[in-house]
Amino acid sequence: MRFLLDDEQREFARSLDAMLTAADTPAAARAWAAGDFAPGRAVWGRLADAGVFALAVPEEHEGMGLLPVETAVAFVELGRHAVPGPVVETVAAGALLSRLAGLGDAAPAKRLLPSLASGDAVTTLALPEGGPFALDADAATLRLTATGGELRLASGHARVERSLDPVRRLARLRPDGELLASGPSVTEASRYAADWASLATAAQALGVGLALLDRTVAYVKQRTQFGTPIGGFQAVKHRLADVLIGLEFARPLLYGAALTLKTPDVAAAKAAAGEAAYGAARAALQLHGAIGYTAEYDLSLWLTKARALRSAWGSPGECRRLVLSGGRGVG
Amino acid sequence: MDLDFTAGEGEFRQRARAWLAGHVPGQPLPSLETREGFAAHRAWEGELAADRWSVVSWPEEYGGQGVDIVKWLVFEEEYFAAGGPGRVSQNGINLLAPTLFDFGTDEQRARILPPMASGEVIWAQAWSEPESGSDLASLRSTARRTEGGWLISGQKTWSSRAAFADRAFGLFRSDPAVDAAKPHRGLTYLMFPLDADGVTVRPIGRLDGKPAFAELFLDDVFVPDDDVIGEPGQGWRIAMSTTGNERGLTLRSPGRFVATADRLVRQWRAHGGPGDTALRDRVADAVIGARAYQLFTWANASRFAAGETIGAESSLNKVFWSEYDIALHETALDLLGAEGELADGGDWAEGYVFSLAGPIYAGTNEIQRDIIAERLLGLPKGRR
Ligand SMILES: Cc1cc2nc3c(=O)[nH]c(=O)nc-3n(C[C@H](O)[C@H](O)[C@H](O)COP(=O)(O)OP(=O)(O)OC[C@H]3O[C@@H](n4cnc5c(N)ncnc54)[C@H](O)[C@@H]3O)c2cc1C
């Protein structure tokens, strides 16, 4: 029993952090929100080079194997840096196709996984276990839907709707399109992929929460009122202490879930990380005062994402139901 | 990273489970906050100790099994899963013993630890005073030098189970000339019998009226030099460094909360209304919280095993488990509905009352949040 990231995993996080810091992800996120995907695609390419999209792809399909812990490590960093795009969906699609291959239907995996792992395919995905919308359908080059036991390449998507998080572009996928696979294995692979999506979203939310806390701690140390840094006031300190407690107890749930990949564990991690990140967002906005309420200040990128991620890939209520029911499709 | 136990840890778990299955009392013992319950719990400590299960992590020479922190956590999981009684020796085992391991003499360890392990001598903590709670360094009880030892005087209060305990340990001001701006100096840490000449123990009913809590009036009580822990005058440092590391892990083990959350889920499955999603969500939160605390502790144990130290992080633990414990019990009482009001309605009521004290003792949660903010987040120090 050694429930600690190993050196390699820590190094992976550090290198992603350094790369994303240099990539000016806030600017890419703002461009993405405005419909200019080029800067985001550039970040995407670097993430692909780092292997991020190969983390749920077996080696025979040019991936790195199914690595949920490394996925969690990576998505914490993606959240910390507010990386735009359907990153969760792309990794979850990898898990879905991999699982389908494991269940005997390897054709879709052979055809799609290599480009997905290499980052060439920006993939979005709509599953019955997720919400009604696919993320960034207009930016994606591959759109998958799985409903009623049928996996299809969607023929297109409806109008893009605005999200509370301007960086997240939401649209319903058309239910028709080329049939890639059908039968109970699609249903099972879809459930499996939903767990990956939920895990990656939990990690991303944790990263968002950590970024909000970091920025807020830095701000309250330098913002002075009544002749003293506001971070010296106990009401401020205690609120931030609670944010840290929430995040630090969500973290082990995340890594525990990555190790077991059991639905109730993933749901617990998602619920806890979602709440912790949202709590961090509320505290961050309050403690920044009015400047935190402005769109032009970068904090807004994380503030709005914290709320959106709370309901993406498993609302708080659904996650709690899963914790007690023991699995998807049960109770 | 993994959560797999070694073969040795698995074997230890099985051994603990088998022993507990054969020994844990079938009926819950009466409350350890009552005279009758205290005696029953003392006898239980003796039974645990007879087969070396009362202090598994201590060296064998003092009655333990010399196991590491991971096995200790395994034992605690099994203990609470088996419905093991609350530990009446906990103040001695969790607070005094680590101090003696670090600062005591060989003679003190040999004399004090074995009867502590067996429940023969049960210890009370005499730190707080009527005027000194959170600001403990302001304490006023005194220790005066005398032939062969010290004479202690003053008043201590809120001493858990001191009404029935045998001995107490606490801090006393031995250097009255100390600079008022440096109240942490000139304190001496020592131990004394609760039935000594000059000690008056006055029981104070807890919130539920149970009589084991007490205040202590001390009037020139003689304490021999052998019962001073560490150097006279160094009491503050000794008391505060009570193996900061392990204490964060051992004060409340996750096994207790995991077992209680399991019990809550069973109760909810038996009695919960399927449509009451608000209550269902709280039950789920209890499960999530227990798992979070368990995994958080495993992570700390792993850090500990890797030679890292755990300092101010233990304040995260303290706030988490104390607030979690209340939420867990409130959920159980709400699930019981009208029955939840019954004081003798089973373990939930007793557990609820006990949980309410969590944010107050072991350093109030306000003080813990100050520590988190200042030492972990690096925010400016405020007034204390
Ligand atoms: C069930 C129980 C068992 C106990 N057992 C023992 C025992 O065995 N031995 C022992 O020695 N003591 C024991 N105590 C006492 C306990 O350690 C003290 O109650 C605790 O240290 C708080 O002190 P106080 O009660 O005097 O509260 P105070 O220090 O007077 O605090 C009152 C309130 O003010 C807040 N406050 C104080 N200072 C600050 C600050 N700087 N910033 C913000 N808020 C502040 C506190 O957080 C608290 O909410 C026990 C207490 C309880 C409830």
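Since every read-out is calculated from the coordinates, none of them should be taken as a lab result. Every value quoted in this text rests on a predicted model; they were computed, and no experiment measured them. All Cβ positions, even for glycine, are placed from backbone atoms using ideal geometry, and neighbour counts span all protein chains on display.
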Tally Lys and Arg at +1 and Asp and Glu at -1 over the other residues with C-beta under 13 Å from the C-beta of A:Arg159: what net charge comes out? +2
The long-range amide H neighbours of A:Leu180, using H built 1.01 Å from N in the peptide plane and a cut-off of under 5 Å, are A:Leu151, A:Arg152, A:Leu153
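Apply the Kirkwood formula to segment B:128-206: the hydrodynamic radius equals the inverse of the mean of 1/r over all pairs of different alpha-carbon atoms; give it in Å with one decimal.
The Cα-based Kirkwood calculation yields 13.5 Å.
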Of A:Ala295, A:Ser311, A:Ala280, farthest towards positive along the dipole that unit charges on Lys, Arg, Asp, Glu beta carbons give segment A:278-331: A:Ser311
Based only on Cα atoms, what mean projected area does the convex hull of chain B have, in nm²? 20.3 nm²
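Nearest 20 debye, what's the magnitude of the dipole of chain A about its Cα centre given +1 on Lys and Arg Cβ and -1 on Asp and Glu Cβ? Each step should come with its number before you reach the end.
Values: 34 positive and 34 negative charges, 224 e Å.
That gives a dipole near 1080 debye.
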Using the Cα centre of segment B:220-315 as the reference point, and only Cβ charges (+1 on K/R, -1 on D/E), how large is the resulting charge dipole? Debye, rounded to the nearest 20. 860 debye
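Can you give the direction-averaged projected area of the convex hull of the alpha-carbon atoms in the protein assembly as shown, in nm²?
Here the figure is 32.9 nm², rounded to one decimal.
Using r as the Cβ-Cβ distance of B:Ser138 and A:Asp6, and R0 as 35 Å, what FRET efficiency do you calculate, to the nearest 0.05? Please report the intermediate quantities before stating the final value.
Values: r = 47 Å, r/R0 = 1.34.
Result of the calculation: an efficiency of 0.15.
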Neighbour net charge for A:Pro229 - beta-carbon separation under 12 angstrom, K R +1, D E -1: +4
Total charge dipole magnitude, segment A:204-324, about the Cα centre, Cβ charges on Lys, Arg, Asp, Glu only, Debye to nearest 20: 140 debye
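Within a Cβ distance under 9 Å of B:Phe217, other residues only, what is the Lys/Arg minus Asp/Glu net charge? Walk me through the numbers on the way to the answer.
Working: positive: B:Lys156, B:Arg202; negative: B:Glu215, B:Asp219.
Spelling it out: positives minus negatives among the neighbours equals 0.
From Cα pairs below 8 angstrom and at least 6 apart in sequence, can you work out the relative contact order of segment B:150-271, rounded to a whole percent? Numbers along the way, then the final one.
On the way: 194 pairs, mean separation 36.6, N = 122.
About 30 percent, as a whole number.
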Pick out which of A:Phe226, A:Phe133, A:Phe249 has the largest mean-square fluctuation in a Gaussian network model of chain A, springs linking Cα atoms closer than 10 Å. A:Phe226
Cα extents of chain A along the three principal axes, largest first, in whole Å? 68, 45, 37
Please find, in a Gaussian network model of chain B (springs between Cα atoms separated by less than 10 Å), the residue of B:Arg269, B:Arg35, B:Arg237 whose mean-square fluctuation is greatest. B:Arg269
If one compares the long axis through the Cα atoms of helix B:277-305 with the longest principal axis of the Cα atoms of chain B, the angle in degrees, nearest 10, works out at 50 degrees
Given the candidates A:Pro58, A:Trp196, A:Ala82, the one whose Cα lies deepest towards the positive end of the charge dipole of chain A, counting +1 at each Lys or Arg C-beta and -1 at each Asp or Glu C-beta, is A:Ala82
Could you give the radius of gyration (one decimal) and Dmax (whole number) of the Cα atoms in segment A:204-324, in Å? 15.4, 52
Can you list residues from other chains, or at least 5 along the same chain, whose modelled amide H is less than 5 Å from the amide H of B:Ala165? none
Thinking of segment A:7-190 as a set of Cα atoms, what percent of all their pairs are more than 22 Å apart? 43 percent
Find the relative contact order for chain B and round it to a whole percent, using C-alpha pairs within less than 8 Å whose residues are 6+ positions apart. 13 percent
Which of the residue pairs B:Lys156/B:Lys318; A:Lys270/B:Lys210; A:Lys262/B:Lys71; A:Lys221/B:Lys182 have a Cα-Cα distance greater than 30 Å in the structure shown? A:Lys270/B:Lys210
